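All of the numbers you see were taken from the coordinates with simple rules; none came from a lab. A quick note: this is a predicted structure, and the numbers were derived from the prediction, not measured.
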Amino acid sequence: MKILVLNGSPRPRGNTAKMAAAFRKAAEEAGHEVNVVDVCRKIISGCLACEYCHGKGYGQCIQKDDMQEIYGYLQDANMLILASPIYYHGISGQLKCAIDRFYSALYPAAPG
Ligand SMILES: Cc1cc2nc3c(=O)[nH]c(=O)nc-3n(C[C@H](O)[C@H](O)[C@H](O)COP(=O)(O)O)c2cc1C
């Protein structure tokens, strides 16, 4: 199985990174392929709610930032793990930006 892990912590040696690393080790030992993406090391803007993706964009986001790399991984993945520290009773803002940008990927691909 291809597993995508989005790590929402900005701390490279923090608790979330350690948990993601432990998960990766166990999953790889069990024969799975794991990609861990540190979203805080990426340039990922928030969703603009412009609806380009659900219109003439046919599922493509109008913003061409590092989210493009994550869309590729998402397409391939059989499982998605969201890993985040708790920030004020929620997930980190950086991970929330990435999740909001999933919006475009929910749209069917262009016809033909
Ligand atoms: C901006 C910010 C907000 C936080 N809010 C909470 C919170 O609401 N509840 C909580 O239990 N811990 C909170 N924490 C503590 C972190 O969730 C905790 O230290 C976590 O283990 C950090 O993960 P990391 O080492 O992967 O960065 C907050 C930390 C920061 C920096």
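Under 5 Å between amide H atoms, partner at least 5 residues away or on a different chain: which partners does Y87 have, H built in plane at 1.01 Å?
Long-range HN contacts for Y87: S92.
Using only the alpha-carbon atoms of the chain as identical scatterers, what base-10 log of I(q)/I(0) does the Debye formula give at q = 0.14, 0.20, 0.22 Å⁻¹?
The Debye formula, applied to the Cα set alone, gives -0.60, -1.06, -1.20.
Per-residue HN-Hα couplings for the range 67-77, Karplus 6.51 cos²θ - 1.76 cosθ + 1.60 at θ = phi - 60°, whole Hz, x for Gly and Pro?
4, 4, 5, 6, 4, x, 4, 4, 4, 7, 6
Once fully extended, how much extra length lies between L80 and K64, figured as 0.36 nm per residue of separation less the alpha-carbon to alpha-carbon distance?
Going from the current span to full extension adds 3.6 nm.
Tell me, what HN-Hα J-couplings in whole Hz come from the Karplus equation 6.51 cos²θ - 1.76 cosθ + 1.60 at θ = phi - 60° for each residue of the range 39-55, using x for Gly and Pro?
5, 6, 8, 10, 9, 9, 7, x, 4, 8, 6, 7, 6, 4, 4, 9, x
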